[in-house]
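Following: one structure in structure tokens, then a few remarks.
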Amino acid sequence: MTRVTPLPGRLEAPEPGWTTTADVVVIGSGVAGLTAALRLVGHVDKVLVVTKDRLAAGSTQWAQGGIAAALGPGDTPAQHERDTLVAGAGACDLDAVRTLVTEGPDAVRELIALGAMFDHDPDGELSLTREGGHHRDRIAHAGGDATGAEIQRALIAAVGRAPEIEVVKRALALDLLLDDDGGVAGVTLHVMGEGQRDGVGAVRCRAVVLASGGLGQIFSQTTNPAVSTGDGMALALRAGATLRDLEFVQFHPTVMYLGPDSTGQQPLISEAVRGEGAFLVDDDGTRFMQGVHELADLAPRDVVAKAIMRRMLETGRPHTWLDARALGEEFWERRFPTILATCRSHGVDPAHDLIPVAPACHYASGGVRTDLWGRTDVPGLYATGEVACSGVHGANRLASNSLLEGLVFSRRIAEVLPAELRPWSEPVADTRPAGLVAPSIRADLQATMSSRVGVLRHQTGLDDAAAELDKLAATSAEAVELAAWEAANLLTVATAVIASAALRRETRGSHWREDHPERDDAAYAGHVDIVLRAGVPEVAFTPGPITDGPITDGPITDGPGTPAAAPAGAAS
């Protein structure tokens, strides 16, 4: 369809009331952002970390299962690579995956050396478990099911010991300040609070590292926290960066079903529960994953989510069930204390009761397109973690690869960025059309995305969703405020997701087209790229290799190694 109302070219905001400087601004305070900031210490004079809430408010804190790496006996990077490629359904970037799996073990060891306390077995060895899509026990975990919280704790403590890092809390990054060659000259922020810096201000800088997380709040139900409103992706798109593979939104198969009226962040039941022996059943007690995939209940997430949706459609029920009763109360209390407490708070005791589960938005496999060193199309702008599309996840992220991606690619950014720092430059007058939308559109936008652009997609539904969001775009905000900025970002990213999903007329990984139910390598082996031109998303298909077939271009060895050397002059 042809858009009637252009998307904002930049967010409408007051002129900056304060200014500060930093060599590098890191936007986001999860594993990706804090790792980048810490690795830059000693290589640049000043790093400023911007976090939308408190330091521990992002998605890292909520990661239950763990972090995947080839650390166990008999496991190898080559095996981890194969599982990642198969889960990614042919759309992974092979070089990115090899970077992840070969550099991953050392990145985890570095995290342990930093102070992260992972669980160990009675012999003192790192305790490893298995999750969906993995053929080996390679998931390191902490506090049973509180891995993300422990990693966040260790990183925050390390940041507290680094005086070169300044943290600005409760601040929303609005837009990049661009110089005359379209590169980074700074970023505008809105600090929510009172103090030396409050309201809208500007940080003059030489580079920006986006690590702002995902887009889960474009849907009515998500495992993502409230801060995940797609701010970084929208900011990058408005600045001229390319977004890639946004149609690949992963829906976690086992999210606790709280009823038809429950919206916002929903309780996740980690895949690790199935890794320890739990299984899915329908109302009749049938184990419906058997025969669907060789790994049954531990199949990749897209396979399990689709199987649950099929069974829900067949039975007319709004959820299926997870049976974890055989694990026993003592095991639940030791291995999954957080999930146990959450379930009990909602009236379900998983040691004795079945857990109602249904798929919900969990992770954006696509994002801001980067190379293997986190560089984007915009000079001086880097991206890492969920906000980025490094090529690692393809059409469907392998369980517990997300924390690892944040570690590995943030380390790589910090390796090259100091040598690439741009000279200080003056921002030019911003001629991009400013705009905002009314915060009241949020619920309608989320309902439209959930009903038309969720697990099941069809051209008619996508067209309807695009038309509805175009109408919502015409709803002007009455005031310049946080809720209006977030609404504009949600609208921008949701529109891009719809456009990407409409272009890919096949079913692949987490993208399920009911009207095109088969995977079509002949037509859609590659990536969907999207840019913003005069407020209108422009999508294009970029052909690429199929990467889940037989590997013929030099598979990695089972030993350590680095797939690509850093450019000359990179920091050590």
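One table, with the values for the structure above:
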{"item": "Translational diffusion coefficient (Stokes-Einstein; Kirkwood radius from C-alpha pairs) of the range 229-383 at 25 °C, 0.890 mPa s, in µm²/s", "result": "141"}
{"item": "Within the range 87-186, GluC sites (Glu not before Pro) in DSSP loop having at most 12 other beta-carbon neighbours inside 10 Å", "result": "GLU125"}
{"item": "Ranking by accessible area, most exposed first, for ASP323, ASP137 with a 1.4 Å probe", "result": "ASP137, ASP323"}
{"item": "Neighbourhood net charge (15 Å Cβ-Cβ; Lys/Arg +1, Asp/Glu -1) for PRO267", "result": "-3"}
{"item": "TYR257, TYR524, reordered so the largest accessible area comes first (probe 1.4 Å)", "result": "TYR257, TYR524"}
{"item": "Share, in percent, of DSSP beta bridges within the chain that are antiparallel, nearest 5", "result": "60"}
{"item": "Separation between Cα centres of the range 360-374 and the range 302-348, rounded to whole Å", "result": "27"}
{"item": "Whole-number accessible area per residue in Å² for the range 319-370, which is evaluated in the context of all protein chains at 1.4 Å", "result": "37"}
{"item": "Computed accessible area, THR495, all protein chains, 1.4 angstrom probe, square angstrom", "result": "10"}
{"item": "Structure-based [θ]222 nm, the chain - -39500 (n - 2.57) summed over DSSP H runs of at least 4, per residue, nearest 500", "result": "-9500 deg cm²/dmol"}
{"item": "Net charge dipole size for the chain [Lys, Arg +1 and Asp, Glu -1 on Cβ; Debye, nearest 20]", "result": "520"}
{"item": "Rounded accessible area per residue of the range 224-318, 1.4 Å, Å²", "result": "32"}
{"item": "Which of LYS46, LYS169 is most accessible, then next, and so on - probe 1.4 Å", "result": "LYS169, LYS46"}
{"item": "Where the range 7-104 is the region considered: accessible area per residue in Å², 1.4 Å probe", "result": "29"}
{"item": "Diffusion coefficient, µm² s⁻¹, Stokes-Einstein with Kirkwood Rh over alpha-carbon pairs of the chain at 10 °C and 1.306 mPa s", "result": "67"}
{"item": "Rg over Rh, two decimals, the range 407-464 (C-alpha only, Kirkwood Rh)", "result": "1.25"}
{"item": "Candidate lysines for bridging to LYS52, where Cα separation is under 26 Å - those fewer than 8 sequence places away on the same chain excluded", "result": "LYS169"}
{"item": "Cα centroid of the range 496-552 to Cα centroid of the range 91-137, whole Å", "result": "30"}
{"item": "Of all accessible heavy-atom area on the chain, the percent that carbon and sulfur account for (1.4 Å)", "result": "50"}
{"item": "Taking the convex hull of Cα positions in the range 5-55, its mean projected area over all directions (nm²)", "result": "5.5"}
{"item": "Helix runs (DSSP H) in the chain reaching 18 Å along axis by Cα, Kyte-Doolittle at least 0.5", "result": "94-114, 147-160, 402-420, 482-503"}
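The values are calculated or read from the model by the stated rules, or taken from the named source; none is laboratory data. Everything numeric in this text was worked out from a predicted model, so none of it was measured. Note that we place each Cβ from the backbone using ideal geometry, even for glycine, and neighbour counts take in every protein chain shown. What goes into the accessible areas is simple: the full protein's heavy atoms, side chains included, and nothing from ligands, DNA or RNA. Shrake-Rupley method; radii C 1.70, N 1.55, O 1.52, S 1.80 Å.
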